[in-house]
Amino acid sequence: QVQLVESGGGLVQAGGSLGLSCAASGSIYRLGTMGWYRQTPGKQRELVADITSTGSTTYGDSVKGRFTISVDHVLKLVYLQMDGLKPEDTAVYYCRGVLTPLDSDIPRLYWGQGTQVTVSS
C-alpha cells in the first residue's frame, strides 16, 4: 500500500529551526511533484513549498527565504527545512505527493496524515 508518512513536527521557539521529513512507502515506481502544505483551524490548506521531479521549486510567499524543500528520489524522502520560524508558522503540515505505483502507469495524488508544528513566541 502506497502512503506518505510525515515526521519531525514539534514545538519550537520563535526564531528557531525545525526539519520535517516525509517518507513515501510501498511499491512506488516514481516520485512526481512532491510538496508540503499547511493548515490552521478555519483556514484553507495552503502551499508551503513544492518541488518537481526535475528539481524546480515553488514557495509560498510567507516562507520564501526561510524554508527549503528537497527530495531524495532514491530513498523516496521529502524534506522541509524550516528556519527563522515565526508563531504564524504554527499549523498542521501535510506532505503531498504525486506518485506512480509499480503496478500502474497512472500517477496518483497522495496525502500524508499531517504533523503538528507549533512555534511559541
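Things to note:
- In the context of the full set of protein chains, the chain has a per residue accessible area of 53 Å² (1.4 Å probe).
- By DSSP, the beta bridges lying fully in the chain are antiparallel in about 90 percent of cases.
- For ALA49, distant residues with modelled amide H under 5 Å away: TRP36, GLY60
- Percent carbon-and-sulfur accessible area, segment 1-65, ignoring ligands, DNA and RNA, probe 1.4 Å: 45
- Only Cα sites of the chain enter the Debye sum here, all with the same form factor; the resulting log10 I(q)/I(0) across q = 0.10, 0.14 1/Å is -0.28, -0.54, listed in q order.
- Extension gain for GLN1 to SER53 (0.36 nm times residue separation, less C-alpha to C-alpha distance): 16.5 nm.
The values are calculated or read from the model by the stated rules, or taken from the named source; none is laboratory data. No experiment lies behind these values; they were computed from the predicted model shown. Keep in mind that these areas ignore ligands, DNA and RNA; they rest on the heavy atoms of the full protein, side chains included. Shrake-Rupley method; radii C 1.70, N 1.55, O 1.52, S 1.80 Å.
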